[in-house]
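For reference, the structure discussed in these notes is given below.
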2 protein chains.
Amino acid sequence: MKYQSDIEIAQSKELKHIKEIAQKINVKEDDLEMYGKYKAKLPLSLIDDEQIAQNNLVLVTALTPTPAGEGKTTTSIGLTEGLNKIGKQATVVLREPSLGPVFGIKGGAAGGGFSQVVPMEDINLHFTGDFNAVEKANNLLSALIDNNIQSKTNNLNIDPRTILWKRVIDMNDRSLRDITIGLGGTANGVPRQDGFNITPASEVMAILCMASDLENLKERLGNIFIGFTYDNKPIFAKDLKAENAMAILLKDAIKPNLVQTLEENPAIIHGGPFANIAQGTNTIIATKMGLSLSNYVVTEAGFGADLGAEKFLNIKSQFAKLNPKCVVLVATIRALRHHGGAKSEDYNTPSLEKVKDGFKNLEKHIENIRKFNIEPVVAVNAFTSDSEEEIDFVVKKCANLGVTAVLSKGWEKGGEGTTELAKAVVEVVEHKASNYKPLYDWKSPIKDKIEVIAKEIYGAINVEYSKQAQLNLRRIDRLGFNDFAVCMAKTQKSFSDNDALIGRPENFTVTVREIEIASGAQFVIPILGKMMRMPGLPAKPASENMSIDKNGVISGLS
Amino acid sequence: MKYQSDIEIAQSKELKHIKEIAQKINVKEDDLEMYGKYKAKLPLSLIDDEQIAQNNLVLVTALTPTPAGEGKTTTSIGLTEGLNKIGKQATVVLREPSLGPVFGIKGGAAGGGFSQVVPMEDINLHFTGDFNAVEKANNLLSALIDNNIQSKTNNLNIDPRTILWKRVIDMNDRSLRDITIGLGGTANGVPRQDGFNITPASEVMAILCMASDLENLKERLGNIFIGFTYDNKPIFAKDLKAENAMAILLKDAIKPNLVQTLEENPAIIHGGPFANIAQGTNTIIATKMGLSLSNYVVTEAGFGADLGAEKFLNIKSQFAKLNPKCVVLVATIRALRHHGGAKSEDYNTPSLEKVKDGFKNLEKHIENIRKFNIEPVVAVNAFTSDSEEEIDFVVKKCANLGVTAVLSKGWEKGGEGTTELAKAVVEVVEHKASNYKPLYDWKSPIKDKIEVIAKEIYGAINVEYSKQAQLNLRRIDRLGFNDFAVCMAKTQKSFSDNDALIGRPENFTVTVREIEIASGAQFVIPILGKMMRMPGLPAKPASENMSIDKNGVISGLS
């Protein structure tokens, strides 16, 4: 059997006009800022705190993933279709894809199979320009920094060697990781070492996703920490009077985007920060918009639950006073085999033994979610290579833990394939099984916050700090940033900071190598390994297989 | 008297919904791709060759400008208002502003005073994302080039020292002019010298503005010349299979944007290439769109007529088979004083003597326009510092040459201030005074084409070629690019290649220092001086005075 590609499925669907989708969530046409017929921005005035308090937030996360990912986005979209199918008014709220990976290995990020958001080409390309706006705001600050160093009349005495702020570009472009700028003589600025990160790694993206409104956005942008003067005074974006111009560049990007699922249900897609060095989830504004307009909001957070859900629950939910009612843990039989020791070439080969052994990874994630006083539901994202006995094992094992596990067939069947999952989620929500509480208080000391996460969530027995990290801690203390959230940057491949420790590692220590500051986002970022902030293209880039015909129909985009 | 700022005037105007503007040119709402309520993209299917042949194209250009510019955009918009006021159905077709200068010295480019296109904030900021799309397409090609050099399996043997293709960013950022990329070890690419130009300087922008449709765009993108292999074979974008992915990134950018003037007349704004190293005028598609939908199209081309009009008439009109019916030469009394020898501090001091002496500059431009068999009209863009005797002199002097010169008060009064100008233009058009012909045939040899422009338009007695230029000519010949247009890159401050030679220089020689190739745009670019492709910010950037309030209202943007 030949499967249709994602783009073929997406293109075969006739889309509803976005004003019809808006009607489903009672948004008047006049409130929409349309971007063509199938995309629209929603005004912030639609956010309604009373509705938010009454409606139901469901977070989709996953077990520790294999490199291909376990299908959180597909499951989130599928679950939304399923909820609508069983009569619930549900909206999916997601991150925007980054353009860089579209031409690289990963491809786009608009779901898959029969659980997609559309128009998928637009969502995966420039969409409504939000990423570009973030990029420009980031790079305006860079230009202002270098211009100030160059300037004779307005000079803040910035020491170029201390500048932590990097330029960004939404492109997989390894050659820009490490560069020297300002060459070619006195007219061309002051030479210094610099580099480009990919746009989702920009602190401006993290800030956009944390901001509550335009005023708060501006304040956060002004608080971005840049580096030091030669006499060791900290320099912030507001010292360069940058925050207003940056906010001007973001005036439209702050508004969430409405699109539709393949089954014509509302999808709000907004913001896309990295899941390692940032919070890895859509804007707070989008989540609140969804909850203002819809009885159920299904959302997701990047990587496994030790990263995405931890940050969603400790950072985003705590800051925005959100109250998640259920967490869906996406598992695949393939990933369970992996955690049971299967090699990548055997991921698709049934093995009850490996699944049995790998279940310990999922079990730890289930335990972790419960530490937030939230009841999980396990969604087994179905693959054709799954055997019945493997699935039965997972379902029974979860039942023993008091957790409902359901086979989710969103990829194959859309909402038809997820009604059971939807019912299980509604069961948890309507029986008020959850009573969310964060795991730490933002006001507690940085080291305490790190320790809670490392021990309670990762299962570490100890946290060590490199010399650099200890220096960073003193800097954080000196700058008065102790009450920031901690946004852990760790490998997604293991509960530990060591890729090789799959399953449920025990008796391990994690090492904090350094701690970065994102003072606009109000994070400190403990780095527990080498973080990639600028991917490269593969030897044969995806761009080579793409085409567009004279009518603008695209193929080869995935 | 305190004048309102441009943004204050623009914000005090209540805009019409874009569908009402579209109605004026008989475009159905369903054909619009709206970007909010006041911007829309127009589908290429509306282009109608029969209508184009019947309707009237008016080009606005200028005498040799002072650094502040003489108000071509303001005059173009004002003239459009005036034409509509006297009962003609007229649309203004313009370039999109670049974002970089908005934060620099120049500010935006959406007209001024009571002759503006709106919403001016959006037009000056990200607008509908076209510049971003150009930037991404340009930088995808850069990433593919460096990725190919890095790649072991797919390597084209490109010699990094020969790469002419640069990255672009739409930001005034001098520190990126001259950089070293690919540092930091084998994982980060191959070290080489590179640099960023500002986005309007990208050949992708020139190509977008020359393309007739999506197929032609793709073909042109594939034909971009990148550099050579180690064994001296030319490498083009198509060798990297880049053209489809680049065209995919430009799928929406190829569609012209509809907005409105302050007097609710249609404005089509699309593309924005540099006026020195590129053609300096909006897309061919936009001009054709305007002519398909409107009886009169008023458009402009960057810098003075020796650059903008020459390229418009020899390159754009010849290639696209356009038939301009009238050229409006914008003059200011201030610029005439300048060409008569006034220092910049005396630009606003009346001096009949200086105006008399400076008129020779305008006279040469009048002669030049007539070489294309087109009748000019002179628009004296009014300033409060103009004296009556200066204006009278210009009007009479023009009359002696058989040219109507009219005081244009679009900045102060909008269409009320330009009805006389509009009548003069209609007079030329309706009496079929013009019968456009280009000055050279594209098929003639490169050196002949350069010589025609230098002698006929600039008034040079001779053209010299540097050693580099001679080498470049041999390369062009070897690559088979002799039948490309020549897109001259020369200072805008003088007819000659020497800034200091104001007025009407005579007995001068111009020197072609090098000749670049833009094989996708089908230009060769003779460089007659140092061309700035990446501006810097001033010591006190414009961004410092900008602000945005909690409702999103912007101030300080100009």
Can you list residue pairs whose Cβ atoms sit under 7 Å apart, with the first residue in region B:302-330 being crowded, with 24+ Cβ neighbours inside 10 Å and the second being among the charged types (D, E, K, R)? Count only pairs 6 or more apart in sequence or on different chains. B:LEU307/B:LYS490; B:CYS326/B:GLU375; B:VAL330/B:GLU70; B:VAL330/B:LYS72
For region A:98-109, does any single residue satisfy the condition of being of a type in the set (Phe, Trp, Tyr) and touching a Lys or Arg at 6+ places or on another chain (Cβ under 7 Å)? no
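Can you spot a residue in region A:345-362 that is farther than 22 Å from A:LEU307 by Cα and small (Gly, Ala, Ser)? Outline the logic, then answer.
If we filter region A:345-362 for residues that are farther than 22 Å from A:LEU307 by Cα, which is where we start, we get A:345-357.
Next cut, small (Gly, Ala, Ser) only: A:351.
Within region A:345-362, one or more residues are farther than 22 Å from A:LEU307 by Cα and small (Gly, Ala, Ser).
Here are A:ILE315, A:ILE235: which of them is within 30 Å of A:GLY503 (Cα to Cα) and among the hydrophobic types (A, V, I, L, M, F, W, C)? Explain how you work it out, then say what you get.
Values: A:ILE235 fails: within 30 Å of A:GLY503 (Cα to Cα).
Matching residue, one of A:ILE315, A:ILE235: A:ILE315.
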Which of the residues spanning region B:502-530 are open to solvent by 30 Å² or more (accessible area, probe 1.4 Å), more than 14 Å from chain A (Cβ to nearest Cβ) and under 24 Å from B:SER175 (Cα atoms)? B:GLU516
Scan (1) at positive phi; (2) out of contact with any Asp or Glu (no Cβ under 6 Å at 6 or more places or on another chain) for the single condition B:THR287 breaks and write down its number. (1)
Does region B:58-79 include one or more residues that are in contact with a Lys or Arg (Cβ under 6 Å, 6 or more places away or on another chain) and more than 21 Å from B:ILE554 (Cβ to Cβ)? yes
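Scanning for something among the hydroxyl-bearing types (Ser, Thr, Tyr), part of a loop (DSSP other than H, G, I, E, B) and at pLDDT 95 or above, does region B:351-358 turn up at least one residue?
The initial filter retains those residues of region B:351-358 that are among the hydroxyl-bearing types (Ser, Thr, Tyr), namely B:351.
From what is left, the residues that are part of a loop (DSSP other than H, G, I, E, B) are B:351.
Those left that are additionally at pLDDT 95 or above: B:351.
The answer is yes; a qualifying residue exists.
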Exactly one of these conditions fails for B:GLU451: (1) open to solvent by 20 Å² or more (accessible area, probe 1.4 Å); (2) in contact with a strand residue (DSSP E or B) (Cβ under 7 Å, 6 or more places away or on another chain); (3) part of a loop (DSSP other than H, G, I, E, B). Give me its number. (3)
Looking at A:VAL190, is it more than 13 Å from chain B (Cβ to nearest Cβ) and not polar (S, T, N, Q)? no
Among the residues of region A:536-546, the number that are facing chain B (nearest Cβ under 7 Å) and open to solvent by 40 Å² or more (accessible area, probe 1.4 Å) is 2
Tell me, yes or no, whether region A:283-300 has at least one residue that is farther than 27 Å from A:HIS126 by Cα and in contact (Cβ under 8 Å) with a residue 12 or more places away in the chain. yes
Out of B:VAL403, B:VAL380, B:VAL395, report the one residue that is surrounded by 19 or more Cβ atoms within 10 Å (Cβ to Cβ) and out of contact with any Pro (no Cβ under 8 Å at 6 or more places or on another chain). B:VAL380
Just name the residue that is nearest to A:GLU121 (Cα to Cα) out of those in region B:230-240 that are surrounded by fewer than 24 Cβ atoms within 10 Å (Cβ to Cβ) and within 12 Å of chain A (Cβ to nearest Cβ). B:LYS238
Hey, can you tell me all the residues within region B:122-153 that are in contact (Cβ under 8 Å) with a residue 60 or more places away in the chain, of a type in the set (Gly, Ala, Ser) and in a helix (DSSP H, G or I)? B:ALA133, B:ALA137
Can you tell me which residue within region B:1-47, out of those that are touching a residue at least 24 places away in the same chain (Cβ under 8 Å) and among the polar types (S, T, N, Q), is most open to solvent (accessible area, probe 1.4 Å)? B:ASN26
Selection within region A:154-186 - more than 7 Å from chain B (Cβ to nearest Cβ) and open to solvent by 50 Å² or more (accessible area, probe 1.4 Å): A:ASN155, A:LEU156, A:ASN157, A:ARG161, A:LEU164, A:LYS166, A:THR186
B:ASN348 fails exactly one of (1) part of a loop (DSSP other than H, G, I, E, B); (2) open to solvent by less than 70 Å² (accessible area, probe 1.4 Å); (3) touching a Lys or Arg at 6+ places or on another chain (Cβ under 9 Å), namely (2)
Any idea how many residues of region B:241-282 are facing another protein chain (nearest Cβ under 9 Å) and open to solvent by 10 Å² or more (accessible area, probe 1.4 Å)? 4
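Here's the yes/no breakdown for (1) hydrophobic (A, V, I, L, M, F, W, C); (2) free of Cβ contacts under 8 Å to residues at least 12 places away in the same chain; (3) part of a loop (DSSP other than H, G, I, E, B); (4) surrounded by fewer than 18 Cβ atoms within 10 Å (Cβ to Cβ):
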{"site": "A:ASN435", "(1), (2), (3), (4)": "no, no, yes, yes"}
{"site": "A:LEU439", "(1), (2), (3), (4)": "yes, no, yes, yes"}
{"site": "A:LYS447", "(1), (2), (3), (4)": "no, no, no, yes"}
{"site": "A:ALA460", "(1), (2), (3), (4)": "yes, no, yes, no"}
{"site": "A:GLU464", "(1), (2), (3), (4)": "no, no, no, yes"}
{"site": "A:ARG478", "(1), (2), (3), (4)": "no, yes, no, yes"}
So A:TYR465 passes all but one of these: (1) aromatic (Phe, Trp, Tyr); (2) at pLDDT below 95; (3) in contact with a Ser or Thr (Cβ under 8 Å, 6 or more places away or on another chain). Which condition number does it fail? (2)
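Can you name every one of the strands (runs of 3 or more DSSP E) wholly within region A:497-558 that holds 3 or more residues which are within 23 Å of the chain's Cα centre (by Cα)?
Details: elements: A:509-512, A:514-518, A:523-527.
It comes to A:514-518, A:523-527.
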Kindly list the number of the only condition in (1) open to solvent by less than 40 Å² (accessible area, probe 1.4 Å); (2) within 8 Å of chain A (Cβ to nearest Cβ); (3) more than 30 Å from B:LYS321 (Cα to Cα) that fails for B:LYS218. (3)
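The values are calculated or read from the model by the stated rules, or taken from the named source; none is laboratory data. If you're wondering where the values come from, they're calculated on a predicted model, not measured in any experiment. Heads up, the Cβs are rebuilt from the backbone with ideal geometry, glycines too, and the neighbour counts pull from every protein chain shown. For accessibility, only protein heavy atoms count, side chains too; no ligands or nucleic acids. Shrake-Rupley method; radii C 1.70, N 1.55, O 1.52, S 1.80 Å.
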